[in-house]
Amino acid sequence: MKIILKEDIIGLGYKNDVVDVKPGYGRNFLIPKGKGVIATPSALKVLAENLRQQAHKIEVQKNAAQKRADQLEGVVVEVAAKVSSTGQLYGSVNAAIVAQELAKKGIEVDRKIITMHDIKTVGEYEATVHFFKDVEVKLPVKVVAENQEPAPVVEEKAEAPVEEAPEVEAPVEEEEAPAAE
């Protein structure tokens with residue numbers, strides 16, 4: 001079944017794309033929710049005319065999306081998370097957490113345009129930020145342990161060991177027993 005999308009749906013297509021979907025998905029979800037319409041010949045002619053008229057507007061949107069994408073060039077998101085002794089995270093790192101970390105750096109990105117698998121271990125991963133139809137940025141995500149203690153530093157002493165003086169215990173004062181009444 002051919003559907004004309006009325007809005008961006010990550011994983012399926014972008015606004016004004018003609019996509020082929022299963023009939024049940026189109027009839028029971030996309031059309032009733034207003035996310036798409038059936039691609040009839042007349043609807044395709046209307047779409048072609050609309051795209052012709054909106055070509056300049058789309059070009060402006062694409063340029064704005066490219067500027068936002070250029071802000072993310074060279075940015076590495078580092079997320080500190082609590083980790084068990086086996087290296088597993090308590091919880092997971094997802095798109096919402098990546099969006100929060102970007103906001104801390106002064107880059108506002110909606111979590112809905114970030115796609116990635118939930119991260120459950122320490123390491124380096126990659127998230128994709130979809131700004132516009134052909135404007136996507138691969139964003140490196142580094143997950144580090146926040147509660148991991150640094151390895152103890154062993155210092156070698158070149159001097160001879162100094163003998164310690166024996167500890168002298170202070171005399172313990174005995175408590176007075178309370179008088180019987």
Query raised in the report: Here is a list of conditions, (1) closer than 21 Å to residue 141 by Cα; (2) part of a helix (DSSP H, G or I); (3) without any contact (Cβ under 8 Å) to a residue 60 or more places away in the chain, and residue 46 meets all of them except one; can you say which number that is?
Result: (1)
Query - Options 92, 84; residue that is among the polar types (S, T, N, Q) and closer than 16 Å to residue 127 by Cα - result: 92
**Report entry** region 54-86, residues that are free of Cβ contacts under 8 Å to residues at least 12 places away in the same chain, surrounded by 10 or more Cβ atoms within 10 Å (Cβ to Cβ) and of a type in the set (S, T, N, Q)
**Finding:** 54, 63, 84
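Return yes when residue 37 is over 31 Å from the mean Cα position of the chain (by Cα), within 28 Å of residue 110 (Cβ to Cβ) and either acidic (Asp, Glu) or in a strand (DSSP E or B) (or both) and no when it is not.
Values: over 31 Å from the mean Cα position of the chain (by Cα): yes; within 28 Å of residue 110 (Cβ to Cβ): yes; either acidic (Asp, Glu) or in a strand (DSSP E or B) (or both): yes.
Yes.
If you check residue 25 against the conditions, is it surrounded by 13 or more Cβ atoms within 10 Å (Cβ to Cβ), in contact with an Asp or Glu (Cβ under 7 Å, 6 or more places away or on another chain) and on the phi < 0 side of the Ramachandran plot? First the steps, then the outcome.
Details: surrounded by 13 or more Cβ atoms within 10 Å (Cβ to Cβ): yes; in contact with an Asp or Glu (Cβ under 7 Å, 6 or more places away or on another chain): no; on the phi < 0 side of the Ramachandran plot: yes.
Against the criterion (surrounded by 13 or more Cβ atoms within 10 Å (Cβ to Cβ), in contact with an Asp or Glu (Cβ under 7 Å, 6 or more places away or on another chain) and on the phi < 0 side of the Ramachandran plot), residue 25 does not qualify.
Just one of 55, 64, 81 is farther than 25 Å from residue 14 by Cβ, at pLDDT 85 or above and small (Gly, Ala, Ser); which is it?
Working: 55 fails: farther than 25 Å from residue 14 by Cβ; 64 fails: farther than 25 Å from residue 14 by Cβ.
Of the residues listed, the single one that is farther than 25 Å from residue 14 by Cβ, at pLDDT 85 or above and small (Gly, Ala, Ser) is 81.
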Requested in this report: Go through region 57-78 and give me each residue that's within 17 Å of residue 16 (Cβ to Cβ) and not polar (S, T, N, Q).
Outcome: 57, 58, 59, 60, 62, 65
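The values are calculated or read from the model by the stated rules, or taken from the named source; none is laboratory data. Every value quoted in this text rests on a predicted model; they were computed, and no experiment measured them. Using ideal geometry, Cβ is built from the backbone for each residue, glycine included, and neighbour counts are taken over all protein chains shown.
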